[in-house]
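Only the coordinates and a few stated rules stand behind these numbers; no lab work does. These numbers come from a predicted model, not from an experiment. With ideal geometry, Cβ positions are generated from the backbone for all residues, glycine too; neighbour counts draw on all protein chains shown.
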Amino acid sequence: MLSTVDSLDSFEESLGSAVAEISRVLYGKNETIKLSLCCLLARGHLLIEDLPGLGKTTLASAIGKVTGLDYRRVQFTSDMLPADLTGFSMLDKESGKFEFQQGPVFCQLLLADEINRSSPKTQSALLEAMEERQVSADGISHSLPAPFFVIATQNPFSLAGTFPLPESQLDRFLMRISMGYPDSADERQILSGSDPRALMDQLNIVLDSAELVRLQELVSQVKTSEVVLDYVQRLIEGTRVGGDFVHGISPRGGMALVQCSRAWALISGRNYVTPDDVQAVVAPVFGHRLTNRSSGSQASLEMVKEWIQQVDVLAS
Amino acid sequence: MNELQLSRVQQIWLMSALVISCAPICYFLPFWVAASSLGAIGWRAYLLSRGHAEPNRWVMFLLSVILGLGILAQFSPPVGIEPMSSILTAAAGLKFLEMSRRRESQLLIYLCLFISAIQPIFAQNFGSFLLAVFSIVVVLTAQSMLQRDTDQQFSLFNFSMEPIRQILRLVAVSIPLTLVIFVLAPRLPAFSVIPVQIESATTGVSDFMDPGSISSLSNSSEVAFRVDFEAEVPPARELYWRGLVLDDFDGRAWEPEGRRWIRDNASIIWPNRATSFDWRSETERYGEPHRYTVFLEPTQETWLFALPAAASTKESIGAARNLVLTNRIPISQPTKYDVVSHPQYRHQPNRLDGPQLRDNLDFSEGSNPRTEALIAEWVEQSGSDSVLPNLLSLFNQEFVYTMEPPVYPGNAVDEFIFDGLRGFCEHFASATAAILRMAGIPARVVAGYQGGEIHPTEGYLIVHQYNAHAWVEYWEQGVGWTRVDPTAAVAPDRIEYGFEQYFLNDDVFDPSLFSLDRFRGMALFEWVRLQVDSLNYRWLTLVLGYDTSIQFDLFKRLLGDVTPIRLVLVLVVILAALLAIYLIWNRYNTHRKLSEQQKILRAYLRQLRGLGISIMPAMTLQDILDEAGQKFPNQRANLANLTSQIEQMLYQMRSIDREHLKREIKALKLG
């Protein structure tokens, strides 16, 4: 098994081609695609927050296609029950025994569309599965397949009839990103090009799940020097003392930042973290974990990006 | 853990702090105070080790009452330093015994600090100072240990010097400020006005001399005083340090006229004060004077020691008509005074007034009949002028100088002259003065010190308690008072070479057991003893001797004119200088602590800033590279190379050729 980070070339190549492959159906969103893959490599779950029609579903299914992961999609609604997600026990007439029928959560890549539409009960069933990577039914634990990666989406604007995720639940997501509008050139290409759905079937698997698991293992071996950790600590400290946010970042948030920075370094083809990696992921990692003191809402990506401008990188 | 919530280590530290801060002053307090304090500490230590609680409050109440009454009984009235220190020491012990909550340990720490701070009131030599500093360090360490989590069991194996080092650092930091305050702050004569009556204090000279009742003279090698002569130290035979004049003789013993004569007599002349009777015209001084400074150890008495025909200008020193110096209050602290002595002088050469004549001729007639008869015979044969030479030759031929004379219980002078023939200076002085009086010659005994040891390297004179001496002064018409030392007739070497030389190989000389003098003659110990003494001497002269007048002189030398404004300015300047030193040191220290990596990074950034590239806080090396590359496109490759090297060094933790990198950074020139 290849586990040294020093021979990165092959991985860099496959990661690069994965990004390229996905961008065939999602124009001009390389940054977002890399962040999603980064989250996947860091073994975290991804929350995408944006308006409908900006390509959330396309991104999720393209990742599924390119990585060859077993991909399912669940549309969350207000009448959805936990069992609809996790599965239920049913009497098998032939054997006369109850048998567990696996729900849609038993997959490798789950797209939980509009997660805030469902009741808190269902939300928490999903979040439990995300955290524990297993499902308990009738006192029996059923392990979920590995890797297990959840991409949840929510619409932050039309909030009528939704159940917004509380902070503690948001914390389960390693990253929160938004898609944003494409720029005009990309927009033109989207408009003039063929239907992405048709293109989707043409996508090739460039990163199989075995390779993905190996990459996930490599993430923890990416070197993180004291200097970089100093910077991470300054960032964490800044959220706690600056007065910009209601609460500072928790140690778990800090660990998330380090883990994502490592994954980003790996995607960038390095076996060591630089402050550039930290800066690349800090907004998606910190954003949903911070509450803006002045507005009382979660810090937007832009706000975090703006905020880190005041934190010394080199501290010399 | 017990109910005290103090770990074993903390308990041990607290106990050590208590014992170490109280021990030095216990030496000066009644024995039972120290014992009760130590007993309380030991009791509590026992209870703690058994996991028992503190004694109940009735026991504590009873103990407090007993100790309080004891202190009341010991000291009457219970005012002053000693009763107060006794109360504090006893209270510290009791507090430790009853301590039940963690915060009470803080109170104990304050008590210990206070007790450490009183230590210098009791003893002021350099050793005591070090001891006080040591106990403060221990108390502060105990304090810092109380603030730490020290769960581990105490053992010598995991004993950590770290807290002590931390406290030592703190103490070291406080030194400069202490020095500034010491030099600049107004000198309070604080210690010299606190009356300390230390019963254990001994002196070789007393104001009651009854040689007949003493069978053995203890010879303490303690220092009585040290003298710093401006010029050469005069020869030993001239060093007669007069302390007090004993002129009242009852047939056996000598004491100053009326015991409190010196203090009460209006004839004492104080500087800057009007006097009702100015006797100064009675003294003629001529010749070259000796100028010297005396550093006197505490005596608990008012008399001061000086060479004859002494005069001092110190405010608190008065001169008595018999030419001894006297201090206004008892000497309870090391005291320094300047003296000018004229070795050539005539005192009261022309006449003695009635009471003086009467007092100095009184030999308590009938108390020593055999001697009286002998002297009457001598006077009849060859006149009163021959009595003294006769007596001295008699002493020289038939008498023995010894430190262990027989007791003369009856007619002391008779028994000494006719039966015993053995004695030390006091016997000879007493007999001589009595006999001169019998012959009609006014005479008196003078008590003080004779000789002294010259420090071989420092050159000052050390006068020990064993230099204590007594001699005689007699009066002659036209000459005045003249000194005669009968001991010199018996044992001339005792005067010429000093006491120690005289007894060096004699079993009689037995200095105190714990003194370094025991090892005299062994070169190394001799050297150590002298070094310790010179340390003490420096401490005396530099620290204890630093008084208002020296301070004023110093200011005058430094500032020219001493005005409040200038003083404040000096203070401000010095404080600013100290602050600056601190800041520079701090900066240097942070720079020193910077890793090699950070230094390289700093050099790189400084170089780029110098080239006009503004570096924002959030800029990474790559951002900086972009910025600089845009500004200087032709150098982009070079910069990229440097950036990659620094990144490798900082982030990849790869060892690179740092010297080479430094050179490259230095050589960086853009544009």
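Taking every C-alpha pair closer than 8 Å and separated by at least 6 residues, the mean separation divided by the residue count of chain A gives a relative contact order of 23 percent.
Overall shape: rounded for chain A, with the ratio a/c of the largest to smallest alpha carbon gyration tensor axis below 1.5. Listed values for the stretch B:304-315 are Karplus-derived 3J(HN,Hα) couplings in whole Hz (6.51 cos²θ - 1.76 cosθ + 1.60, θ = phi - 60°), namely 10, 10, 7, 6, x, 6, 8, 8, 9, 9, 5, 3, and x replaces Gly and Pro. Contact order for chain B, expressed relative to its length and based on alpha carbon pairs under 8 Å spaced 6+ residues apart, stands at 12 percent. The label point for B:LEU168 and the one for A:GLU99, both projected 7 Å from the Cα toward the Cβ, are 7.9 nm apart. Each of B:TRP270 and B:MET161 was given a label point 7 Å from its Cα along the Cα-to-Cβ line. The distance between the two points is 5.5 nm. Once the Cα atoms are used to define both axes, helix B:425-438 deviates from the longest principal axis of chain B by about 40 degrees.
DSSP beta bridges confined to the protein assembly as shown are antiparallel in about 75 percent of cases.
At a Cα cut-off below 16 Å, give the lysines reachable from B:LYS314, other chains included and same-chain residues fewer than 8 away excluded. Within the straight-line cut-off, B:LYS314 pairs with B:LYS336.
Over the stretch A:222-316, Cα pairs under 8 Å with separation of 6+ residues give a relative contact order of 31 percent. Relative to the longest principal axis of the Cα atoms of chain B, the long axis of helix B:621-631 makes an angle of roughly 70 degrees. In order along the stretch A:205-221, the phi-based Karplus estimate (6.51 cos²θ - 1.76 cosθ + 1.60, θ = phi - 60°) of 3J(HN,Hα) comes to 7, 10, 9, 6, 5, 5, 5, 4, 4, 4, 5, 4, 5, 5, 3, 5, 9 Hz; Gly and Pro are listed as x. For B:LYS631, a cut-off of 26 angstrom between C-alpha atoms picks up these lysines, skipping any fewer than 8 places away in its own chain: A:LYS305, B:LYS599, B:LYS662, B:LYS666, B:LYS669.
Residues whose amide H lies under 5 Å from that of A:GLY103, counting only those 5 or more places away or on a different chain, are A:GLY87, A:PHE88; hydrogens are built 1.01 Å from N in the peptide plane. Assign one of three labels to the stretch A:173-270, namely rounded, prolate or oblate, based on the Cα gyration tensor with a ≥ b ≥ c the square roots of its eigenvalues; rounded applies when a/c is under 1.5, prolate when it is not and a/b is larger than b/c, and oblate otherwise. Oblate is the answer for the stretch A:173-270, as a/c is 1.5 or above yet b/c matches or exceeds a/b. Highest GNM mean-square fluctuation among A:ILE48, A:ILE190, A:ILE33, for chain A modelled with Cα contacts below 10 Å: A:ILE190. Residues whose amide H comes within less than 5 Å of that of A:PHE149, counting only those at least five positions distant or on another chain, are A:LEU109, A:LEU110 (H built at 1.01 Å from N in the peptide plane).
In the stretch A:11-206, the DSSP beta bridges split such that about 40 percent are antiparallel, to the nearest 5. Beta bridges assigned by DSSP with both partners in chain B are antiparallel in approximately 95 percent of cases. When shorter helices are ignored and each DSSP H run of at least 4 residues is given -39500 (n - 2.57), the per-residue value for chain B at 222 nm works out to -15000 deg cm²/dmol. Shape class of the stretch B:8-185 from the Cα gyration tensor (axes a ≥ b ≥ c, square roots of the eigenvalues): oblate, since a/c reaches 1.5 or more and a/b does not exceed b/c. For chain B, the longest principal axis of the C-alpha atoms and the axis of helix B:8-26 are separated by about 30°. Taking every residue in B:610-618 and counting other chain Cβ atoms within 10 Å of its Cβ, the average works out to 3. Each residue of the stretch A:166-180 is assigned a 3J(HN,Hα), and the resulting list reads x, 4, 5, 6, 4, 4, 5, 7, 5, 9, 10, 10, 10, 7, x Hz, derived from the Karplus form 6.51 cos²θ - 1.76 cosθ + 1.60 (θ = phi - 60°), x at Gly and Pro. Extension gain, B:ARG636 to B:ALA45, is 205.3 nm, computed as 0.36 nm per intervening residue step minus the present C-alpha separation. Distant-in-sequence amide contacts of A:TYR272, defined by a placed amide H-H separation under 5 Å and a gap of 5 or more residues or a different chain, comprise A:LYS223.
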